[in-house]
Amino acid sequence: MKPGQVWAGQEVHGAYSLMRRLRDGLAGLDGRIGEVKAARSLEEALIADQGGEVSAARAILTRRAVVKTLGAERLEKRMIESGAPLDQHYLCLVNSLRRDLEALGLERREKDALDLRTLLDQAAQDGDGDEAR
């Protein structure tokens, strides 16, 4: 079904089909689609805000947050265009997104910077390992 069609007495908005397509990540999707570009950009920004490399658990939460953000934006667009009031699906989705973002942390984190002593120690260890070969 396409957005705008009626199914079971309700207009279809397409947010859930979008979320289903994005559930397993962005790798298999056509990168030329605007929503996929937006999703990739948002995922990169969220990972950068977490300091770059993230754990597997944070990567999962990040992908869920991206999918929920796009779904919420699609629902918002539909509500604006049709003049429909906020519905329970939208409110649940946005609340779940808020909790995911809180779990990830709302503050931007800097990448861990190495001090000069640590860099010199690492270089000395790397040098020692080369000589032993």
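The values are calculated or read from the model by the stated rules, or taken from the named source; none is laboratory data. Just so we're clear, the structure is a prediction, and the values are computed from it rather than from any experiment. Every residue, glycine among them, receives a Cβ derived from its backbone with ideal geometry; neighbour counts consider all protein chains shown.
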Query raised in the report: Can you find a residue in region 1-18 that is touching a Phe, Trp or Tyr at 6+ places or on another chain (Cβ under 6 Å) and either charged (D, E, K, R) or modelled with pLDDT under 60 (or both)?
Result: yes
Query raised in the report: Of the residues in region 83-133, how many are surrounded by 10 or more Cβ atoms within 10 Å (Cβ to Cβ), assigned to a loop (DSSP other than H, G, I, E, B) and modelled with pLDDT of 85 or more?
Result: 1
Requested in this report: Being small (Gly, Ala, Ser) and either surrounded by fewer than 14 Cβ atoms within 10 Å (Cβ to Cβ) or at positive phi (or both) narrows it down to one of ALA45, ALA72, ALA59, ALA65, so name that one.
Outcome: ALA45
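Out of ARG64, ARG58, ARG74, report the one residue that is touching a residue at least 24 places away in the same chain (Cβ under 8 Å) and over 13 Å from the mean Cα position of the chain (by Cα). Walk me through how you get there before you give the answer.
Numbers: ARG64 fails: over 13 Å from the mean Cα position of the chain (by Cα); ARG58 fails: over 13 Å from the mean Cα position of the chain (by Cα).
Exactly one residue qualifies, and that residue is ARG74.
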Query - Number of the condition not met by ALA65 [criteria: (1) touching a Lys or Arg at 6+ places or on another chain (Cβ under 7 Å); (2) part of a helix (DSSP H, G or I); (3) not polar (S, T, N, Q)] - result: (1)
